[in-house]
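Asks: The structure follows.
The values are calculated or read from the model by the stated rules, or taken from the named source; none is laboratory data. Since the structure is predicted, the reported quantities are computational estimates derived from the model, not experimental observations. Heads up, the Cβs are rebuilt from the backbone with ideal geometry, glycines too, and the neighbour counts pull from every protein chain shown. Keep in mind that these areas ignore ligands, DNA and RNA; they rest on the heavy atoms of the full protein, side chains included. Shrake-Rupley method; radii C 1.70, N 1.55, O 1.52, S 1.80 Å.
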Amino acid sequence: MTDKPNFDQLFERRITYPDFDPQARLARLVGLDAQKTRLTKILGLLVNPAGLESWAAKNHPGAEQLLDTVLRRPPLIVLAGDVGSGKTELAETIGDAVARQEGIDITLLPLSLAARGQGRVGEMTQLVAAAFDYTVSEASKLKSATGRSRGAVILLVDEADALAQSRESTQMHHEDRAGVNAFIRGIDRIANGKLPAAVIMCTNRLNALDPAIRRRAADILEFARPNDDQRRHILTSRLQPLGLLSGQIEQLVATTGPQKGKAGFTFSDLTQRLLPSIVLDAYPHRKIDGTGALAVARTIEPTPPFRDSTV
């Protein structure tokens, strides 16, 4: 590649917060309250440190060294866990909560998987470097001399293990190693510039990420399949208004949970496969009932777990 990549080559789209659509999508992510709260707080500190400084001045005067420790963390958060556990949806919508919390506009830039390139020498390195150049340029415009950000940028890297896999792998190509190096340099550029920007990486294979990238993470949030209480909440909120009884919903909770030698349903299994299938089974000639819903649930195989492995 000789020409500098343009926006469409680097990013899937641009999302700006606050906005009602991501706010509604974020609200529909049930069972992830702990991850929502923690991610909102961490991103708020990373992109707008003035908020933490104001809090400390009010509650803990003289805590400068503690604040310096907290604020010196690299602007990187890793969301890791099984398929269908809500990582990407949370990453694409959490900016709305941060924007409302901090009172600033936030732009999300989802890195295109095409940024991995076609394997030509130097291509991936150039694409990754260009993505960070764009992020740094946008964030620099939002930096304020007062320390309070006028806005912020979040760079989202989904399926991050495809782009930032460990350089310790003996099978790793030289070009891939160079791309990882470029990624690390990009994170360090944002940190050293104290810019109102952060990077979110989503992965099913935490152990496949390069150790240097994992060490730079301000936090690693892990995601699992929904437990009994979470599945019960999803099923009750959707099916109880239709007349299903508590006992029938409990049968569904048990059926969608782990079975002998088989994992339980993922969040997406419940919301994108089971519930629509229950509706289609009854539509257009009869009502949804507990017996039919349970029969449908027994025909659906949960998404197989993604097997993470060490490099």
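Asks: Quick check on segment 47-61: of everything there that is of a type in the set (Gly, Ala, Ser) and open to solvent by less than 40 Å² (accessible area, probe 1.4 Å), which residue is farthest from VAL153 (Cα to Cα)? Break it down stepwise before answering.
Replies: Our first condition is that a residue be of a type in the set (Gly, Ala, Ser); within segment 47-61, this holds for 50-51, 54, 56-57.
Subsequent filtering for residues that are open to solvent by less than 40 Å² (accessible area, probe 1.4 Å) retains 50-51, 56.
Values: ALA50: 16, GLY51: 17, ALA56: 24 Å.
In this case the residue turns out to be ALA56.
Asks: Provide a single number: the residues in segment 261-278 that are touching a helix residue (DSSP H, G or I) at 6+ places or on another chain (Cβ under 8 Å) and not in a helix (DSSP H, G or I). Please lay out each step first, then the result.
Replies: Taking segment 261-278 and keeping what is touching a helix residue (DSSP H, G or I) at 6+ places or on another chain (Cβ under 8 Å), we get 264-265, 267, 270-271, 274-275, 277-278.
Filter once more, keeping what is not in a helix (DSSP H, G or I): 264-265.
The total comes to 2.
Asks: Considering only segment 289-303, I want to know if a residue exists there that is under 30 Å from ASN207 (Cα atoms), open to solvent by 80 Å² or more (accessible area, probe 1.4 Å) and not in a helix (DSSP H, G or I).
Replies: Checked against the condition, which is being under 30 Å from ASN207 (Cα atoms), open to solvent by 80 Å² or more (accessible area, probe 1.4 Å) and not in a helix (DSSP H, G or I), segment 289-303 yields at least one hit.
Asks: Those residues that are open to solvent by less than 20 Å² (accessible area, probe 1.4 Å) and touching a Lys or Arg at 6+ places or on another chain (Cβ under 8 Å), I need them from segment 234-250; list them, please.
Replies: Quick first cut of segment 234-250, residues open to solvent by less than 20 Å² (accessible area, probe 1.4 Å) only: 234-235, 239, 244, 249.
Result: ILE249, single match.
Asks: Checking the conditions here, which among GLU53, GLU89 is in contact (Cβ under 8 Å) with a residue 12 or more places away in the chain, over 30 Å from SER268 (Cα atoms) and outside any strand (DSSP E or B)? Talk me through it step by step, then tell me what you get.
Replies: On the way: GLU89 fails: over 30 Å from SER268 (Cα atoms).
None of the other options fit; the residue is GLU53.
One line per residue, one yes/no per condition, for (1) free of Cβ contacts under 8 Å to residues at least 40 places away in the same chain; (2) under 22 Å from LEU32 (Cβ atoms); (3) of a type in the set (A, V, I, L, M); (4) touching an Asp or Glu at 6+ places or on another chain (Cβ under 7 Å):
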residue: LEU239; (1), (2), (3), (4): no, yes, yes, no
residue: LEU245; (1), (2), (3), (4): no, no, yes, no
residue: ASP269; (1), (2), (3), (4): no, yes, no, no
residue: ALA282; (1), (2), (3), (4): yes, no, yes, no
residue: ARG298; (1), (2), (3), (4): no, no, no, no
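Asks: Conditions: (1) open to solvent by 60 Å² or more (accessible area, probe 1.4 Å); (2) among the aliphatic types (A, V, I, L, M); (3) at pLDDT below 95. VAL279 meets all but one. Number of the miss?
Replies: (3)
Asks: Also, quick follow-up: Among the listed residues ARG225, ARG214, ARG231, identify the single one that is in contact with a helix residue (DSSP H, G or I) (Cβ under 9 Å, 6 or more places away or on another chain), in a helix (DSSP H, G or I) and open to solvent by 10 Å² or more (accessible area, probe 1.4 Å).
Replies: Numbers: ARG225 fails: in a helix (DSSP H, G or I); ARG231 fails: open to solvent by 10 Å² or more (accessible area, probe 1.4 Å).
None of the others qualify; the one that does is ARG214.
Asks: Now, a different point. Does any residue in segment 3-26 that is in contact (Cβ under 8 Å) with a residue 12 or more places away in the chain come within less than 9 Å, Cβ to Cβ, of a residue that is buried (at least 16 other Cβ atoms within 10 Å of the Cβ) and of a type in the set (Lys, Arg) six or more places away or on a different chain, and which pairs are these?
Replies: Note: pairs meeting the criteria are LEU26/LYS36.
Asks: Say whether the condition of being over 26 Å from ILE184 (Cα atoms) and more than 30 Å from the chain's Cα centre (by Cα) is met by at least one residue in segment 256-271.
Replies: Residues of segment 256-271 that are over 26 Å from ILE184 (Cα atoms), as a first pass: 256-271.
Checking which are more than 30 Å from the chain's Cα centre (by Cα) leaves us with 260.
For segment 256-271, residues over 26 Å from ILE184 (Cα atoms) and more than 30 Å from the chain's Cα centre (by Cα): present.
Asks: Under 7 Å between Cβ atoms, which residue pairs at least 6 apart in sequence (or on different chains) link something in segment 134-147 that is under 17 Å from LYS4 (Cβ atoms) with a partner that is surrounded by 13 or more Cβ atoms within 10 Å (Cβ to Cβ) and among the small types (Gly, Ala, Ser)?
Replies: Filtered contacts from segment 134-147: THR135/ALA197; VAL136/GLY193.
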